[in-house]
Amino acid sequence: MSIRHGLLALLEHGPRYGSQLRTEFESRTGATWPLNVGQVYTTLNRLERDGMVVQDGEDGAGHALYAITDAGRGELRSWFERPVDRASPPRDELAIKLAMAVGAPGVDIRAVIQAQRHATLRAMQDYTRLKARALVAVEGADAGKARDDVAWLLVLEQLIFQTEAEARWLDHSESRLARLSATAARRAGNAPATAEPAAAADSAASSDSAAPSGSTASATPAAGSTAPGTNAAGTARTTPTSRSARR
């Protein structure tokens, strides 16, 4: 649905043709969710069928132009006003992978978590570098270009917060699994009563040496170093998400 409403939002600025809409959509989102022309025209055909856009002649190069209708404007206003529904969240490959890895024969779930943690922190560093560049672009852009730069900045910040939350969830999952494993061993009589605290301590030490929740803090300084002083301007900090959330 975001493509459908995204195209309506772009058409509210005036008639557009298919490849023009694709270019503007990707410019607003930094090509985070790339479109192909076929997707755009398929969506336009459905919008035309539903009475939300109409064909509006051609431009000088012979491109068929589409314009938003009053029904399309009403749908767009409703979309902006309506909260995003979280009752049916999209499938998350990482969550599904960990869920399936629990108890899977021959799978070291802690190794799966560790590999993902490293990838998540690398992504966070990349997003932070891109954010530093986006801030520079916003400050130096003219009014027309600044709109797209600000839109891309907002998308980047959402990606940064998302990766911070993912890193914390991975740390939590590792600790949770260590505690459950220690409890199961104790109940089976294979470990003394003190095994659970020891296992939790070993898990925390292992996380600290590899990529702990503090690893968000350890990884991002390198990224932040690409834009000294940008924290004051709102660059992604290299602190835990609890501090990021207060920004």
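The values are calculated or read from the model by the stated rules, or taken from the named source; none is laboratory data. The shown structure was predicted, so the numbers you read here are calculated from the model rather than taken from an experiment. No Cβ is skipped: glycine too gets one built from the backbone with ideal geometry, and neighbour counts run over all protein chains shown. In case anyone asks, the SASA skips ligands and DNA or RNA and just uses the protein heavy atoms, side chains included. Shrake-Rupley method; radii C 1.70, N 1.55, O 1.52, S 1.80 Å.
A few points about this structure:
- Residues in the range 87-104 carry Karplus couplings, in order, of 5, 10, x, x, 5, 10, 4, 5, 4, 5, 4, 5, 4, 6, 6, 5, x, 6 Hz; the curve used is 6.51 cos²θ - 1.76 cosθ + 1.60 with θ = phi - 60°, and Gly or Pro positions show x.
- Near R16, the amide H atoms lying under 5 Å from its own belong to Y66; only residues 5 or more places off or on other chains count, and H is placed 1.01 Å from N.
- Length added when fully stretched, F80-D56, from 0.36 nm per residue minus Cα-Cα: 6.1 nm
- Our note on the geometry: Cα centres of the range 37-59 and the range 74-124, 33 Å apart.
- The chymotrypsin sites (Phe, Trp or Tyr not before Pro) of the range 10-44 include none that meets both criteria, a DSSP state outside H, G, I, E and B (loop) and at most 16 other C-beta atoms within 10 angstrom of the site's C-beta.
- Expressed as a whole percent, the accessible surface of the range 46-181 that belongs to carbon and sulfur atoms is 54, based on a 1.4 Å probe.
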